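The values are calculated or read from the model by the stated rules, or taken from the named source; none is laboratory data. These numbers were taken from a predicted model, which means no experiment stands behind them. Every residue, glycine as well, gets a Cβ built from its backbone with ideal geometry; the counts of neighbours run over all protein chains shown.
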Amino acid sequence: MAMAIDQHATSEEEAMMLAVVRDLVSEKVAPRAAEIDESGEFPWDLKELFAQNDLLGIPIPEEYGGLGGSFVTYVKVVEEIAKACASSSLIVAVQELGMLPILIGGNDEQKKRLLPTIASGKKIAAYALTEVSSGSDALGSMRTRAEKQGENYVLNGQKIWITNGSVADVVCVFAVTDPSAGSRGVSAFVVEKGMPGFIVGKKEKKMGIRGSPTVELVFDNCVVPAKNRLGEEGEGFKIAMKVLDKSRPGIAAQALGIAAGALEYATNYAKEREAFGKPIGQHQGVGFMLADMKTEVEAARLLLYEAARKCDTGAPDVSLWASMAKLKCGDVAMSVTTDAVQVLGGFGYSAEYPVERMMRDAKITQIYEGTQQIQRLVIARAMVGKR
Ligand SMILES: Cc1cc2nc3c(=O)[nH]c(=O)nc-3n(C[C@H](O)[C@H](O)[C@H](O)COP(=O)(O)OP(=O)(O)OC[C@H]3O[C@@H](n4cnc5c(N)ncnc54)[C@H](O)[C@@H]3O)c2cc1C
């Protein structure tokens, strides 16, 4: 029997995958979400579940062990997981972020050597760009150095805020190879767990996404074989920028999922909870709030799916669309989760109800992978240019 095509699915294959993901989320992810937040532990069981269901290599080409799926499908999967658990959605999103430098900047040998184990989930990937004195201006103020010594590079420096850094087997690290060349002197390297001088530092205590480990990474005379340099020396900047074009829609999808999850919870609550003799959703003040939340979520979704489509087609304006999607979805996540707390009144402020966690989780989507201010810079520059 032909299955009902999902409202948002672009093919039967995608509809089937989303149906599987929805079942996994309702049976295995949603019941764990509050406890993952409470414990702050990385959910290894869910990482395994996602690996078994081929969710960790969706946009990786089949020849490198992935599903060869579209970015559109990938963002919808992240969205579905984030509806229930933002921390768990990052397992999929950061696996993609960590593998993109290899997919974009790697040669065929590197892709064949490194991508299959990432696609299968046997190895976890991470992405290390940010440093203590360089966040938004990540490439201009970078301090981590990589010096060529024979057949190796020796890395020295420190990265901070690295998602999954403590659980990763493969970390794409950006470091300066030519200090006189500014951002054109940055190169990209794959550092693998166990390489001498690769040290996991302190773990951050965070407001939200508490089940996603964020750590400091230290490189103390860390020896990395030259065969692990991605692209030519000095191409790190180009690789990092191209990665962001394809990874920002993943974070936008996380944001959209958080917003959609909060909207669904608040809507159901507004149908049940009564005040002044009728369900609170029947009071215009609450009904209009829900109407605005719904409109914002659907508008953000259309923007995101278009940005993901542009990732798939290699559209020349993909940076603009990736930034617009990240900006809109992040802001919608924050406003919709804040309003969801309002709809639940005092119960919304309690950790017993999921919208409290969703509001805390939403905030990060306005900060990482470029703050909302940086997205506006990218958008404005695409519109009016830059001197
Ligand atoms: C939980 C978490 C996970 C993260 N995961 C990763 C990861 O996996 N890998 C990684 O490399 N990094 C990661 N990051 C780092 C993240 O990308 C940076 O925190 C972010 O880019 C902002 O940099 P910053 O914190 O140094 O802020 P700053 O750059 O110091 O910015 C501070 C404020 O100034 C504003 N600002 C800065 N420059 C401008 C400007 N030109 N115009 C207008 N406003 C401006 C910013 O918008 C912000 O509001 C993570 C961060 C967090 C909190």
Quiz item: Pick from the range 124-135 the residues that are part of a loop (DSSP other than H, G, I, E, B) and under 17 Å from the mean Cα position of the chain (by Cα): which of them is nearest to the ligand (Cβ to nearest atom)?
Solution: Gly135
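Does Asp292 count as surrounded by fewer than 19 Cβ atoms within 10 Å (Cβ to Cβ), touching a residue at least 12 places away in the same chain (Cβ under 8 Å), closer than 30 Å to Ile58 by Cβ and more than 16 Å from the ligand (Cβ to nearest atom)?
Values: surrounded by fewer than 19 Cβ atoms within 10 Å (Cβ to Cβ): yes; touching a residue at least 12 places away in the same chain (Cβ under 8 Å): yes; closer than 30 Å to Ile58 by Cβ: no; more than 16 Å from the ligand (Cβ to nearest atom): yes.
No; evaluated as a whole, the condition is false for this residue.
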Quiz item: Are there any pairs, at least 6 apart or on different chains, whose C-beta atoms fall under 7 Å, with the first in the range 360-386 and within 23 Å of Ser87 (Cβ to Cβ) and the second in a helix (DSSP H, G or I) and near the ligand (Cβ under 9 Å from one of its atoms), and if so, which?
Solution: Gln366/Gln372
Exercise. Go through (1) more than 13 Å from the ligand (Cβ to nearest atom); (2) of a type outside the set (Lys, Arg); (3) not assigned by TED's automatic domain parsing to the domain that holds Ser319 one by one and return the number of the condition Ala262 breaks.
Key: (3)
Quiz item: Got at least one residue in the range 100-122 being within 14 Å of the chain's Cα centre (by Cα) and not assigned by TED's automatic domain parsing to the domain that holds Ser26?
Solution: no
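This table checks each residue for (1) part of a helix (DSSP H, G or I); (2) more than 16 Å from the ligand (Cβ to nearest atom).
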site: Ala300; (1), (2): yes, yes
site: Met324; (1), (2): yes, yes
site: Leu327; (1), (2): yes, no
site: Gly330; (1), (2): yes, no
site: Met334; (1), (2): yes, no
site: Gln342; (1), (2): yes, yes
site: Gly348; (1), (2): yes, yes
site: Gln366; (1), (2): no, no
site: Ile374; (1), (2): yes, no
Self-check item: Residue in the range 77-99 that is farthest from Ile209 (Cα to Cα), counting only those that are touching an Asp or Glu at 6+ places or on another chain (Cβ under 9 Å) and within 16 Å of the ligand (Cβ to nearest atom)
Solution: Leu97
Exercise. Could you grab me the full set of residues in the range 334-377 that are of a type in the set (Gly, Ala, Ser) and more than 14 Å from the chain's Cα centre (by Cα)?
Key: Ser335, Ala340, Gly345, Gly346, Gly348, Ser350, Ala351
Quiz item: Does Leu139 fit the bill of being buried (at least 17 other Cβ atoms within 10 Å of the Cβ), not hydroxyl-bearing (Ser, Thr, Tyr) and not in a loop (DSSP other than H, G, I, E, B)?
Solution: no
Exercise. Working only within the range 215-250, note down all residues that are among the charged types (D, E, K, R), outside any helix (DSSP H, G or I) and buried (at least 22 other Cβ atoms within 10 Å of the Cβ).
Key: Arg229
Quiz item: Scanning for something within 9 Å of the ligand (Cβ to nearest atom), crowded, with 18+ Cβ neighbours inside 10 Å and touching a residue at least 24 places away in the same chain (Cβ under 8 Å), does the range 104-121 turn up at least one residue?
Solution: no
Quiz item: Given the structure, is Thr177 closer than 16 Å to Phe237 by Cβ and not assigned by TED's automatic domain parsing to the domain that holds Ile60?
Solution: yes
